[in-house]
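The values are calculated or read from the model by the stated rules, or taken from the named source; none is laboratory data. Treat the numbers as computed from the prediction; the structure is a model and nothing was measured. Here the Cβ is made from the backbone with ideal geometry for all residues, glycine too, and neighbour counts use every protein chain on show. These area figures cover heavy atoms from the full protein model, side chains too; ligands, DNA and RNA do not enter into them. Shrake-Rupley method; radii C 1.70, N 1.55, O 1.52, S 1.80 Å.
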Amino acid sequence: MPILIDVNEIRQILPHRYPFLLVDRIVELSEDRIVGIKNVTANEPFFQGHFPDFPVMPGVLIVEAMAQTAGVHVLRTVEDRTTMNVFLVSVDAARFRRPVVPGDQLRMEMTVIKRKGTVAKMAGKALVDGVVVAEAEVMCKLERKPGFESPAQ
């Protein structure tokens with residue numbers, strides 16, 4: 001699985017940092033699809049309190065990993081990413097199929113449903129070993145960072 005965008009480049013695209021950066025690499029990228037990878041390790045801080053005797057990755061963080069993957073897709077088209085943020089504005093049809101545990105490799109496959117202006121809606125699924133563990137539709141919106149607003153006309 002070739003790496004198209006590594007974690008260092010992802011850090012240049014997304015504003016997220018440890019412990020909230022949940023995408024390790026991008027392995028597939030096209031105009032209407034992106035695939036991200038998250039290696040789930042026992043060292044993740046959420047495992048200390050989320051069922052410590054049977055550590056399970058919280059579903060909300062799986063959806064966040066999917067949204068961050070979508071965010072990379074949206075932000076990669078922006079010429080000057082330093083002036084823009086991408087925000088998650090909605091989550092629909094989220095379903096969780098099975099637990100994600102330490103040692104799993106989460107594969108987030110996101111496909112564009114609709115893109116208009118600064119808003120993109122994407123459908124996605126998260127898989128472990130080819131088995132769907134979660135799915136959701138996410139909507140992301142680009143917004144200018146404070147201080148980078150366009151001058152009034």
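When you look at THR69, is it among the hydroxyl-bearing types (Ser, Thr, Tyr), under 14 Å from the mean Cα position of the chain (by Cα) and open to solvent by less than 70 Å² (accessible area, probe 1.4 Å), yes or no? Taking the combined requirement at face value, the residue satisfies it. Assuming ARG33 fulfils every condition listed in (1) in contact (Cβ under 8 Å) with a residue 60 or more places away in the chain; (2) open to solvent by less than 30 Å² (accessible area, probe 1.4 Å) apart from one, which condition is it? Among (1) in contact (Cβ under 8 Å) with a residue 60 or more places away in the chain; (2) open to solvent by less than 30 Å² (accessible area, probe 1.4 Å), the lone unmet condition for ARG33 is (2). Residues that are in contact (Cβ under 8 Å) with a residue 60 or more places away in the chain and open to solvent by less than 50 Å² (accessible area, probe 1.4 Å) were ranked within segment 1-26; the one that is farthest from LEU88 (Cα to Cα) is ILE5. Taking the listed residues LEU127, LEU88, LEU142, the one that is of a type in the set (A, V, I, L, M, F, W, C) and in contact with a Cys (Cβ under 9 Å, 6 or more places away or on another chain) is LEU88, with no other qualifying. Quick one: in segment 72-117, which of the residues that are out of contact with any strand residue (DSSP E or B) (no Cβ under 6 Å at 6 or more places or on another chain), charged (D, E, K, R) and over 23 Å from MET1 (Cα atoms) is most open to solvent (accessible area, probe 1.4 Å)? If we take residues in segment 72-117 being out of contact with any strand residue (DSSP E or B) (no Cβ under 6 Å at 6 or more places or on another chain), charged (D, E, K, R) and over 23 Å from MET1 (Cα atoms), then GLU79 is most open to solvent (accessible area, probe 1.4 Å).
If you check ALA120, ALA67 for being within 20 Å of CYS140 (Cβ to Cβ), without any contact (Cβ under 8 Å) to a residue 60 or more places away in the chain and among the small types (Gly, Ala, Ser), only one passes: ALA120.
What about ILE62, is it out of contact with any Ser or Thr (no Cβ under 8 Å at 6 or more places or on another chain), open to solvent by less than 20 Å² (accessible area, probe 1.4 Å) and of a type in the set (Val, Ile, Thr)?
It is true that ILE62 is out of contact with any Ser or Thr (no Cβ under 8 Å at 6 or more places or on another chain), open to solvent by less than 20 Å² (accessible area, probe 1.4 Å) and of a type in the set (Val, Ile, Thr).
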